[in-house]
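Written out below as structure tokens is the structure these notes cover.
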Amino acid sequence: QVQLVESGGGLVQAGGSLRLSCAASGRTWRTTVMAWFRQAPGKEREFVAQTDWCGDHTTFANSVKGRFTISRDKAKNTIYLQMSSLKPEDTAVYYCAAGSTLSSEDRHYGNWGQGTQVTVSS
């Protein structure tokens, strides 16, 4: 199993920035893909971004493209989601996920963190 711990969420004004972190531990060698999903109140969980540990394949949802970036520190088994130009509609619980297949579908990820709340005020 792989354990994932997110951090970095909080309250920010529209137009502001936040950086989320996701630290992986355990059997990390089994995971080649890391992703971020989010879930707003009353809505289904949606894909935000994904990357492989090499950084060769990175994908973003259209709703965050150009505003969010993803980076990785392989030595620390940690990925980061840098969120800029935040909008109220970015408000959600953000989840880190780990898997072995590049996919924007949450069913392909077997390891999940507990989530971190991001709230963007207008």
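The values are calculated or read from the model by the stated rules, or taken from the named source; none is laboratory data. No experiment lies behind these values; they were computed from the predicted model shown. Note: ideal-geometry Cβ built from the backbone for every residue, glycine included; neighbour counts use all protein chains shown. Each accessible area value is taken on the protein alone, full model and side chains, heavy atoms only, with ligands, DNA and RNA left out. Shrake-Rupley method; radii C 1.70, N 1.55, O 1.52, S 1.80 Å.
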Check: Can you pull out the residues in the stretch 107-122 that are closer than 22 Å to residue 29 by Cβ and crowded, with 16+ Cβ neighbours inside 10 Å?
Finding: 109, 111, 112, 113
Next item on the list: Go through the stretch 54-86 and give me each residue that's outside any strand (DSSP E or B), in contact (Cβ under 8 Å) with a residue 60 or more places away in the chain and either surrounded by fewer than 21 Cβ atoms within 10 Å (Cβ to Cβ) or touching a Cys at 6+ places or on another chain (Cβ under 8 Å) (or both).
Entry: 84, 85
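If you scan the stretch 17-33, which residues turn out to be open to solvent by 20 Å² or more (accessible area, probe 1.4 Å) and part of a loop (DSSP other than H, G, I, E, B)?
17, 27, 32
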Item checked: Residues that are assigned to a loop (DSSP other than H, G, I, E, B) and open to solvent by less than 50 Å² (accessible area, probe 1.4 Å), drawn from the stretch 6-16 -> 8, 9, 16
Notebook entry, point to check: Given the conditions (1) modelled with pLDDT under 95; (2) β-branched (Val, Ile, Thr); (3) under 15 Å from the mean Cα position of the chain (by Cα), and given that residue 64 satisfies all but one, which numbered condition is not satisfied?
Noted result: (1)
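Going residue by residue through the stretch 87-94, is there one that turns out to be in a loop (DSSP other than H, G, I, E, B), of a type in the set (Asp, Glu) and surrounded by fewer than 17 Cβ atoms within 10 Å (Cβ to Cβ)? Before the answer, list the steps.
From the stretch 87-94, those in a loop (DSSP other than H, G, I, E, B) are 87, 91; that's our starting set.
Applying the additional criterion that residues be of a type in the set (Asp, Glu) yields none.
No, the stretch 87-94 has no match at all.
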Margin query: Which count do you get for residues in the stretch 95-106 that are open to solvent by less than 20 Å² (accessible area, probe 1.4 Å), outside any loop (DSSP other than H, G, I, E, B) and within 21 Å of residue 83 (Cα to Cα)?
Written below: 3
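I'd like to check something: does the stretch 97-116 contain any residue that is β-branched (Val, Ile, Thr) and in contact (Cβ under 8 Å) with a residue 60 or more places away in the chain? Reasoning before the result, please.
Restricting attention to the stretch 97-116, the residues satisfying the condition of being β-branched (Val, Ile, Thr) are 101, 116.
Still in the running and in contact (Cβ under 8 Å) with a residue 60 or more places away in the chain: 101, 116.
Yes.
Name the single residue, out of those in the stretch 34-53 being farther than 12 Å from residue 96 by Cβ and of a type in the set (Lys, Arg), that is surrounded by the fewest Cβ atoms within 10 Å (Cβ to Cβ). Lay out the reasoning, then the answer.
At the first step, the residues of the stretch 34-53 found to be farther than 12 Å from residue 96 by Cβ are 39-47, 52-53.
After this cut, where a residue has to be of a type in the set (Lys, Arg) as well, the list is 43, 45.
Values: 43: 9, 45: 16.
Once the filter is applied, the top-ranked residue is 43.
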Item checked: Which numbered condition residue 36 misses (of (1) under 14 Å from the mean Cα position of the chain (by Cα); (2) farther than 24 Å from residue 11 by Cβ; (3) aromatic (Phe, Trp, Tyr)) -> (2)
